[in-house]
1. Okay, which of the range 57-87 sit inside 11 Å, backbone N to the point 7 Å along the Cα-Cβ direction of Thr205?
2. Add +1 for every Lys or Arg and -1 for every Asp or Glu among the other residues with Cβ under 11 Å from the Cβ of Cys221, and state the total.
3. With every atom except the alpha carbons ignored, what do you get for Rg and Dmax of the range 205-266, in angstroms?
4. Which of Thr152, Leu180, Ala259 sits farthest toward the positive end of the charge dipole of the chain, with +1 on the Cβ of Lys and Arg and -1 on the Cβ of Asp and Glu?
5. Please give the per residue accessible area of the range 143-216, computed with a probe of 1.4 Å over protein heavy atoms only, in Å².
6. Compute the semi-axes of the equivalent ellipsoid of the range 45-186, taking the square root of 5 times each eigenvalue of the Cα gyration tensor, and list them largest first in whole Å.
7. Could you go through the range 98-107 in sequence order and give the Karplus-derived ³J(HN,Hα) for each residue, using 6.51 cos²θ - 1.76 cosθ + 1.60 with θ = phi - 60°, rounded to whole Hz, and x for Gly and Pro?
8. Can you send over the solvent-accessible area of Leu144, 1.4 Å probe, protein chains only, in Å² to the nearest 10?
Amino acid sequence: METYRLKNIAILILLLLNGFLLLLLGYQYLQARRAETDTAGQLQALYEANELKLSVQIDLEEQSLTPLNLSRRSETERAIASWLLGSEAAAASQGGGIYSYEGDHGTIQFRSGGSFDGSRLTLPVDDITEFCRQFCQQFGYEDLQFQVQNRTGSVTAVQQLSGVPISGCGLTLRFERGMLTSVSGAHVNLEDAVAAPAERMTCVTALVRFLDYRTTAGIVCGAVEEIRCVYELHSGPSLRLLPMWRIDTDTYTYFVDCATGEVTRH
């Protein structure tokens, strides 16, 4: 009987402890939400004081991305070249990290920094739209823009990672009378990407940095319409994707470096 009573007391203590912990977590959550609301209000007031409109659609709680270390992959380069040349491409080292890939309809060169190009190509393409869509789907390019009339013109796209654009990894395909004549752009291998430790910059901090830049640089803009965290390709001693806050205004697009806080216009 005594053992049964002690067991009930122990259960009651555990229930009370769990209840206390739930209340504590709820309190901390409410405090965090209140702090976020206060921060948003202060940022809005700061922008209004500087006569700059901040879109109500902006999510100030959006998280920044993690830097990624990349590695070069010759198999992917060969696959891209083979697709664009219409046949299995043969690789040859040109020195200095440059590889050329030769096929039935020309030659495409890849560099260690991820960029590639090819001119004087002669690949006939029956359906330009379908050809470009299949290529981009295969190699991770999105946001296709077609400027083609009478089977002549150009198509552009941007490589993305899980829906996040990679600045510096664009693609341009040029056609003349239904023939692919040149390609240029950049592509990085994302299969072996490794996350790199780094401090993260919040969305609010990026907006404050931009406001300070606007004041000191004297740029002309009246509204911040959108902000999102994107990647930018850096091809120094090693290939890396570094996070940047992209800020779209009513005049130009600006980028805030998450590591240095530097603001640049693209």
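The values are calculated or read from the model by the stated rules, or taken from the named source; none is laboratory data. Note that the structure is a prediction, hence the values are computed from the model and not measured. No Cβ is skipped: glycine too gets one built from the backbone with ideal geometry, and neighbour counts run over all protein chains shown. The protein model used for the area step is the full one, side chains on, heavy atoms only, and it has no ligands, DNA or RNA in it. Shrake-Rupley method; radii C 1.70, N 1.55, O 1.52, S 1.80 Å.
1. Zone members listed by number: 64.
2. With Lys, Arg at +1 and Asp, Glu at -1, the neighbours total -1.
3. 12.1, 39
4. Ala259
5. Working: 3900 Å² over 74 residues.
Heavy-atom accessible area per residue stands at 53 Å².
6. Largest first, the range 45-186 gives 35, 21, 12 Å.
7. With coefficients 6.51, -1.76 and 1.60, one gets 9, 10, 9, 10, 10, x, 5, 10, x, 9 Hz.
8. 50
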